[in-house]
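Participant: First the structure, which I've put down as structure tokens, then a few questions once you've had a look.
The values are calculated or read from the model by the stated rules, or taken from the named source; none is laboratory data. Note that this is a predicted model, so its numbers are computed, not measured. Cβ sites come from the backbone with ideal geometry, for glycine too, and all protein chains shown count toward neighbours. Note: areas computed on protein heavy atoms with side chains; ligands, DNA, RNA excluded. Shrake-Rupley method; radii C 1.70, N 1.55, O 1.52, S 1.80 Å.
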Amino acid sequence: MRIPRVIVLTALAGLTGCGQSGTSSSGVGGAKPIQVDGSSTVFRISKAAQEGFAAQDDSIQVIVGNHGTGGGFGAYLRGEVDIVDASRAAKPEEEAEAKSKGLEWQRFLVGYDGITVVVNPKNDFVKSLSVAQLKTLWEPGSKATTWKDLDPSWPGRKIVLYCPDNDSGTFEFFTEAIVGKAKKQRQDVQASADDNTLVSGVAGEPDGLGYFGYAYFAANASRLRAVPIRKDDKAEPVLPSPETILSKSYAPLSRPLYIYVKKSALKRPEVAKFVRYYIVNGADLAKQGGYVAPTEADRTANAEALKGLGVP
């Protein structure tokens, strides 16, 4: 069953969920709007950047869309956006198409995330899950339909599964890390482009289980329970946290987050100004979005890349 996309105007308020599949804008100037689109995970960071930037200069309009990493790259390759929010690295074919069309970009690392597997708080028996158990549950053609199918000591009740849709970089990263092949998983799941819909689904279903970016769990920790993950049968279970995500001990679901900026767009003063604000304030913006800040080395690399593009 596929949950339909919800298209709404969004606003970031603290750490409340902001994963709707829609757009958000700021600024009232006459210049061409700066178009940002892509990952619902990175959306939270770009939305924080948009709002912080607007507080300094509300004459420049920044529109932040939220249509999945794949959707963001697709819009970029059609010449529709200036910046892609990406929760995975660009694919070789996306790199090649961008180059062939003269749409070269610069990638900046803007934070770290740990894809969080969650259950309903009423679930008091799933103390941890191994990567092998997750693969058994999510792989194409899986016959595991009840908790008991994962562990004989667990109840025989049916598991209700929730996940991002197939345009999502989170979906792609999770399936590759857990199933072993990107975008391949069982079909009998409730999928949505809206992370808040997934949160509400698991929160409202005692036998629900789902996954999404860490910030959406952290913003809804009173409604959900994160499941510690064991990377193999001998490993200790590890919960996602800023510390375990940055150390990559939360494996294999820790990942970097990026923005891809069109190099030609940086020739527009308003784009250069916004991207400079984004990079200079990157650590604070990542934290505002609910994620782990880029390291000092990441911030230095970002600053050097920006300077190399002629943006002081």
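Participant: Starting from residues that are assigned to a helix (DSSP H, G or I) and touching a residue at least 24 places away in the same chain (Cβ under 8 Å), keep the ones in region 287-301 and report whichever is surrounded by the fewest Cβ atoms within 10 Å (Cβ to Cβ).
Facilitator: Going residue by residue through region 287-301, those that are assigned to a helix (DSSP H, G or I) are 287-289, 296-301.
Keeping just the survivors that are touching a residue at least 24 places away in the same chain (Cβ under 8 Å) gives 288-289, 298, 301.
On the way: Q288: 21, G289: 27, D298: 19, A301: 14.
Filtering first and then ranking leaves A301.
Participant: Out of the residues in region 202-213 that are under 24 Å from S241 (Cβ atoms) and in contact with a strand residue (DSSP E or B) (Cβ under 8 Å, 6 or more places away or on another chain), state the one that is surrounded by the most Cβ atoms within 10 Å (Cβ to Cβ). Steps first, answer last, please.
Facilitator: Initial filter on region 202-213 (under 24 Å from S241 (Cβ atoms)): 202-203, 208-213.
Checking the rest, the ones that are also in contact with a strand residue (DSSP E or B) (Cβ under 8 Å, 6 or more places away or on another chain) come to 202, 208-213.
On the way: V202: 28, G208: 22, L209: 26, G210: 29, Y211: 24, F212: 33, G213: 31.
That would be F212.
Participant: What pairs come out if I take residues in region 268-286 that are free of Cβ contacts under 8 Å to residues at least 60 places away in the same chain and pair them with residues that are in a helix (DSSP H, G or I) whose C-beta lies under 7 Å away, six or more apart or interchain?
Facilitator: Pairs that qualify, where the first residue is free of Cβ contacts under 8 Å to residues at least 60 places away in the same chain and the partner is in a helix (DSSP H, G or I), are A272/L266; R276/L306; A283/R299.
Participant: When you scan region 233-241, do you find a residue that is within 24 Å of G68 (Cβ to Cβ), β-branched (V, I, T) and in contact (Cβ under 8 Å) with a residue 12 or more places away in the chain, even just one?
Facilitator: no
Participant: For region 86-97, which positions are open to solvent by less than 40 Å² (accessible area, probe 1.4 Å) and touching a Leu at 6+ places or on another chain (Cβ under 8 Å)?
Facilitator: To start, the set of residues in region 86-97 that are open to solvent by less than 40 Å² (accessible area, probe 1.4 Å) comprises 86-88, 90, 94.
Within region 86-97, A86, S87, E94 qualify.
Participant: Go through region 229-257 and give me each residue that's surrounded by 17 or more Cβ atoms within 10 Å (Cβ to Cβ), small (G, A, S) and under 15 Å from Q133 (Cα atoms).
Facilitator: A251
Participant: G79 fails exactly one of the following numbered conditions: (1) open to solvent by less than 30 Å² (accessible area, probe 1.4 Å); (2) touching a Leu at 6+ places or on another chain (Cβ under 9 Å). What is the number of that condition?
Facilitator: (1)
Participant: Let me ask another. Output yes when any residue across region 98-119 is at pLDDT 95 or above, aromatic (F, W, Y) and open to solvent by 40 Å² or more (accessible area, probe 1.4 Å), and no when none is. It would help to see each step written out before you state the result.
Facilitator: From region 98-119, those at pLDDT 95 or above are 98-119; that's our starting set.
Subset that is aromatic (F, W, Y): 105, 108, 112.
Among the residues that remain, those that are also open to solvent by 40 Å² or more (accessible area, probe 1.4 Å) are: none.
Among the residues of region 98-119, not one is at pLDDT 95 or above, aromatic (F, W, Y) and open to solvent by 40 Å² or more (accessible area, probe 1.4 Å), which makes the answer no.
Participant: Another question, if that's okay. Go through region 178-196 and report how many residues are buried (at least 23 other Cβ atoms within 10 Å of the Cβ) and within 15 Å of the chain's Cα centre (by Cα).
Facilitator: 4
Participant: Just give me the residues in region 119-141 being among the charged types (D, E, K, R) and in contact (Cβ under 8 Å) with a residue 24 or more places away in the chain, in sequence order. Give the steps one after another, and end with the answer.
Facilitator: Here is the first cut: in region 119-141, the residues among the charged types (D, E, K, R) are 122, 124, 127, 135, 139.
Answer for region 119-141, where residues must be among the charged types (D, E, K, R) and in contact (Cβ under 8 Å) with a residue 24 or more places away in the chain: K122, K127, K135, E139.
Participant: Report whether or not S130 is within 24 Å of the chain's Cα centre (by Cα) and of a type in the set (S, T, Y). Talk me through it step by step, then tell me what you get.
Facilitator: Details: within 24 Å of the chain's Cα centre (by Cα): yes; of a type in the set (S, T, Y): yes.
So S130 passes the test.
Participant: Working only within region 132-149, note down all residues that are surrounded by fewer than 19 Cβ atoms within 10 Å (Cβ to Cβ) and either in contact with a helix residue (DSSP H, G or I) (Cβ under 6 Å, 6 or more places away or on another chain) or of a type in the set (A, V, I, L, M, F, W, C) (or both). Don't jump to the end; show me each part of the working.
Facilitator: Step one: of region 132-149, the residues surrounded by fewer than 19 Cβ atoms within 10 Å (Cβ to Cβ) are 132, 135-136, 139-146, 148-149.
A132, K135, E139, A144 - these are the residues of region 132-149 that are surrounded by fewer than 19 Cβ atoms within 10 Å (Cβ to Cβ) and either in contact with a helix residue (DSSP H, G or I) (Cβ under 6 Å, 6 or more places away or on another chain) or of a type in the set (A, V, I, L, M, F, W, C) (or both).
Participant: Then there's this: Across region 242-285, what is the total count of residues that are touching an Asp or Glu at 6+ places or on another chain (Cβ under 9 Å), hydrophobic (A, V, I, L, M, F, W, C) and part of a loop (DSSP other than H, G, I, E, B)?
Facilitator: Final tally of qualifying residues: 1.
Participant: Out of curiosity, is Y216 open to solvent by less than 20 Å² (accessible area, probe 1.4 Å), out of contact with any Gly (no Cβ under 6 Å at 6 or more places or on another chain), in contact (Cβ under 8 Å) with a residue 24 or more places away in the chain and within 23 Å of G38 (Cα to Cα)? Don't jump to the end; show me each part of the working.
Facilitator: Values: open to solvent by less than 20 Å² (accessible area, probe 1.4 Å): yes; out of contact with any Gly (no Cβ under 6 Å at 6 or more places or on another chain): no; in contact (Cβ under 8 Å) with a residue 24 or more places away in the chain: yes; within 23 Å of G38 (Cα to Cα): yes.
No, not satisfied.
Participant: Here are A54, A48: which of them is over 20 Å from P256 (Cα atoms) and assigned to a helix (DSSP H, G or I)?
Facilitator: Working: A48 fails: over 20 Å from P256 (Cα atoms).
Just one listed residue meets the conditions, A54.
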